[in-house]
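All remarks here apply to the structure that follows.
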Amino acid sequence: MEISIDEMRQKIYRGINKLEDTGNIYEILRNMDIPKTTNSNGIFVNLCCLNDTQIRDLYKIVVSIKKPTIPDQILPQIIITKQTTKETRKQYKKPRFTKLQKEILSIDLKSF
């Protein structure tokens, strides 16, 4: 089953957005003879402005780009252990009140 040009545009867009390193696609787009805008942020390509042949070519390129995979043997095994921390409570000194402060604190406000 043949994929439509619109679906190719969608897959090109999604495929490029999923790339972590766009250096390869940048060089490919820079060298392709397609309408594009280049500035300090990179290259902008309006996929709607490309003809069917250009879309097919770009689609083949984007589909052929594989994400780099790292073999499991190279990755170090990481063991994460949860460290329990003892909760420390801050120790406060017992407050010292003057006679007046004690009198004020002993007043029942409901009686007023």
Worksheet item: Taking into account only those residues within segment 48-69 that are among the β-branched types (Val, Ile, Thr) and outside any helix (DSSP H, G or I), which is farthest from residue 2 (Cα to Cα)?
Response: 69
Item to complete: Could you run through segment 1-47 and say how many residues are aromatic (Phe, Trp, Tyr) and in a helix (DSSP H, G or I)?
Response: 2
Worksheet item: Can you find a residue in segment 75-96 that is at pLDDT 65 or above, surrounded by 10 or more Cβ atoms within 10 Å (Cβ to Cβ), in a loop (DSSP other than H, G, I, E, B) and of a type in the set (Phe, Trp, Tyr)?
Response: no
Practice prompt. With the condition kept exactly as written, say whether any residue in segment 13-36 is at pLDDT 80 or above, touching a Phe, Trp or Tyr at 6+ places or on another chain (Cβ under 7 Å), under 12 Å from residue 61 (Cα atoms) and surrounded by 15 or more Cβ atoms within 10 Å (Cβ to Cβ).
Written response: no
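The values are calculated or read from the model by the stated rules, or taken from the named source; none is laboratory data. Because the structure is a prediction, the values reported are computed rather than measured. Here Cβ is always computed from backbone atoms with ideal geometry, including for glycine, and neighbour counts include all displayed protein chains.
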